There are 2 protein chains.
Amino acid sequence: MRNIKLTIEYDGTLYSGWQTQNHLRLKGRSKSRKTIQSTIENVLNLILQEHVNLTASGRTDAGVHARAQTAHFKTRTKFSCSRIQFSLNSLLPRDIIISSVKDVSPDFHARFSAVSKWYRYTILTRTYSSAFFGNFVWRYPYPVDINKIKKEARFLVGTHDFKSFQTSGAHDGNTVRTVYKVEIIRDKDLIYIDIRANGFLYNMVRSIVGTLMDINRGKLKDMKSIVRAKDRKKAGITAPPQGLCLMKVYY
Amino acid sequence: MRNIKLTIEYDGTLYSGWQTQNHLRLKGRSKSRKTIQSTIENVLNLILQEHVNLTASGRTDAGVHARAQTAHFKTRTKFSCSRIQFSLNSLLPRDIIISSVKDVSPDFHARFSAVSKWYRYTILTRTYSSAFFGNFVWRYPYPVDINKIKKEARFLVGTHDFKSFQTSGAHDGNTVRTVYKVEIIRDKDLIYIDIRANGFLYNMVRSIVGTLMDINRGKLKDMKSIVRAKDRKKAGITAPPQGLCLMKVYY
């Protein structure tokens, strides 16, 4: 059996996420039942004429995007990687692109072999939307004190119990994660919040971003006490999904 | 009468251009008859309850985008500029955004008052498309010798007769234009070709870009002799519309 790693770029706007999550579907939050995973699996099955199971580095929610999601699958095919890539890109819809196909060692696992991930959250700070990237930003029509949120974001770096940033209802046993880096970059009307960590709790980036913006507006006081509280109720809102993008998975 | 200037951002993918051009429609090249101009005029008529004629800095073709197209119109309305902007953005489709509405002097004319324009052409140099900006780039799957095209592009700067870059069939009397600046920037897989001039002939940017890419691949020899020939047949292909974006109009 070969073990093949895919790197995948997708615009998540029209999908109910990497994989349909039942509790989300029940809440009626997903616009469609079409998932990134099932869309790629269907095309792979067609090309390889065998049943393939894709395993991603992790799920992404409805409306969340990826510059470089990774996934692996086992196959008996003799097709070359470049042929598989070409066939996938020919048959997949335009909003899913396979940027690389590689043979990897049999023990490579897209999720368990990952050592860290980089997410980017993008905020558009103006009162009107964008004709180009409306589906890729959170439009936030208030002034942003960039130095203030940079200062507060520093308290996230390091190994902490991030229970305050886990969506209520989700139950990850261990809520301790290590954040390696938080970088906040302003480029005209856009603000990029880049977070790299060894792992992320469910909705962690989005609730961190929502909390930073609540601190920005003075609705919440400081990040340090919110992290220490280990209580989701002390943190801020969950920023909307479309601003979130999985940028890279590190192995 | 007030004279109002609009600054407009649009994703031209779904439109047959700023204004339907009859000779294009006859050739069957436009996918839809919906134009940017008529879409905005219809909403303006609705908001202002009067018949408004929009005049742009110039037309853009089907599939061409704008970061900051400009247009003006005369009106008797008493609505404030910010109210007009808010109403327009509320009623316009998501791919057209009004980024500014300003009262200007009665003699301001979006086209005739313009002193120069900046166009950007974007090339994606990889074999597969992009999930995010497939509608905004020319995908060019060949290696690009960036120094070579930078060197050749230098011959465009200055006042020249650009007849070689005017679409055959178009008949602009005077084909002399002044190009102030050509800048070519590579950012990973993307190449931006920025051209600023006091005016552009029909399809001028797209045929300059096509010619540069033909020079890149060795199909054509040098820009200097092509400019001097004043003959469209000596120049290269016309690059596809979706890579083109009107970035700014200078007054």
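Return a yes/no flag: does the range B:103-113 have any residue that is more than 14 Å from chain A (Cβ to nearest Cβ), under 21 Å from B:Pro241 (Cβ atoms) and either buried (at least 18 other Cβ atoms within 10 Å of the Cβ) or not hydroxyl-bearing (Ser, Thr, Tyr) (or both). The answer is yes; a qualifying residue exists. Screening A:Asp61 on (1) at pLDDT 95 or above; (2) outside the structural domain of A:Asp222 (by TED's automatic domain parsing); (3) among the charged types (D, E, K, R) shows it passes everything except condition (1).
One line per residue, one yes/no per condition, for (1) over 18 Å from B:Arg177 (Cα atoms); (2) in the same structural domain as B:Lys148 (by TED's automatic domain parsing); (3) buried (at least 21 other Cβ atoms within 10 Å of the Cβ):
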residue: B:Val205; (1), (2), (3): no, yes, yes
residue: B:Ile208; (1), (2), (3): no, yes, yes
residue: B:Leu212; (1), (2), (3): yes, yes, yes
residue: B:Lys219; (1), (2), (3): yes, yes, no
residue: B:Lys230; (1), (2), (3): no, yes, no
residue: B:Pro240; (1), (2), (3): yes, yes, no
residue: B:Gly243; (1), (2), (3): yes, yes, yes
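A residue that is assigned to a loop (DSSP other than H, G, I, E, B), touching a Phe, Trp or Tyr at 6+ places or on another chain (Cβ under 9 Å), of a type in the set (A, V, I, L, M, F, W, C) and away from every other protein chain (no Cβ under 14 Å) can be found somewhere in the range A:153-163.
Considered as a group, the residues in the range B:148-182 that are farther than 19 Å from B:Ile226 by Cβ and without any contact (Cβ under 8 Å) to a residue 12 or more places away in the chain include one that is surrounded by the fewest Cβ atoms within 10 Å (Cβ to Cβ), and that residue is B:Gly173. Can you confirm whether the range B:148-165 contains a residue that is aliphatic (A, V, I, L, M) and at pLDDT below 95? No: the range B:148-165 contains no residue that is aliphatic (A, V, I, L, M) and at pLDDT below 95. Considering only residues of the range A:62-81 that are surrounded by fewer than 19 Cβ atoms within 10 Å (Cβ to Cβ) and in a loop (DSSP other than H, G, I, E, B), which is nearest to the other protein chains (Cβ to nearest Cβ)? Of everything passing the filter in the range A:62-81, A:Ser80 is nearest to the other protein chains (Cβ to nearest Cβ).
Based on this model, can you work out whether A:Ser80 counts as among the hydroxyl-bearing types (Ser, Thr, Tyr) and in contact with a Phe, Trp or Tyr (Cβ under 6 Å, 6 or more places away or on another chain)? For A:Ser80, the condition - among the hydroxyl-bearing types (Ser, Thr, Tyr) and in contact with a Phe, Trp or Tyr (Cβ under 6 Å, 6 or more places away or on another chain) - is not met. One residue stands out among those in the range B:114-128 that are within 14 Å of chain A (Cβ to nearest Cβ) and crowded, with 18+ Cβ neighbours inside 10 Å: the one that is farthest from A:Ile98 (Cα to Cα), which is B:Arg120. Taking (1) under 17 Å from A:Ile40 (Cβ atoms); (2) among the hydroxyl-bearing types (Ser, Thr, Tyr); (3) touching a residue at least 60 places away in the same chain (Cβ under 8 Å) in turn, A:Thr55 satisfies each apart from (3). Has the range A:72-82 got any residue that is more than 19 Å from A:Met1 (Cβ to Cβ) and either of a type in the set (A, V, I, L, M, F, W, C) or at pLDDT 95 or above (or both)? The answer is yes, given that some residue of the range A:72-82 is more than 19 Å from A:Met1 (Cβ to Cβ) and either of a type in the set (A, V, I, L, M, F, W, C) or at pLDDT 95 or above (or both). Among the residues making up the range A:130-147, a single one is within 14 Å of another protein chain (Cβ to nearest Cβ), of a type in the set (S, T, N, Q) and surrounded by fewer than 20 Cβ atoms within 10 Å (Cβ to Cβ): A:Asn135. Total residues in the range A:79-106 satisfying the condition of being in contact (Cβ under 8 Å) with a residue 24 or more places away in the chain and either over 22 Å from A:His65 (Cβ atoms) or not aliphatic (A, V, I, L, M) (or both): the figure is 13. Checking A:Ile191, A:Ile226, A:Ile185 one by one, the residue that is touching a residue at least 60 places away in the same chain (Cβ under 8 Å), among the β-branched types (Val, Ile, Thr) and under 19 Å from A:Arg67 (Cα atoms) is A:Ile191 and no other. In the range A:1-13, the qualifying residues are those that are within 11 Å of chain B (Cβ to nearest Cβ) and touching a helix residue (DSSP H, G or I) at 6+ places or on another chain (Cβ under 9 Å), and the one that is surrounded by the fewest Cβ atoms within 10 Å (Cβ to Cβ) is A:Thr13. The residues of the range A:186-200 that are part of a strand (DSSP E or B) and surrounded by 13 or more Cβ atoms within 10 Å (Cβ to Cβ), listed by number, are A:Arg186, A:Leu190, A:Ile191, A:Tyr192, A:Ile193, A:Asp194, A:Ile195, A:Arg196, A:Ala197. Out of B:Ile84, B:Ile97, one residue alone is within 14 Å of another protein chain (Cβ to nearest Cβ), assigned to a helix (DSSP H, G or I), more than 15 Å from the chain's Cα centre (by Cα) and within 25 Å of B:Met247 (Cβ to Cβ). It is B:Ile84.
Restricting B:Ala239, B:Ala229 to those that are in contact with a helix residue (DSSP H, G or I) (Cβ under 6 Å, 6 or more places away or on another chain) and farther than 20 Å from B:Tyr140 by Cβ reduces the list to B:Ala229.
The values are calculated or read from the model by the stated rules, or taken from the named source; none is laboratory data. Treat the numbers as computed from the prediction; the structure is a model and nothing was measured. Please note: Cβ atoms are built from the backbone with ideal geometry, for glycine as well, and neighbour counts cover all protein chains shown.
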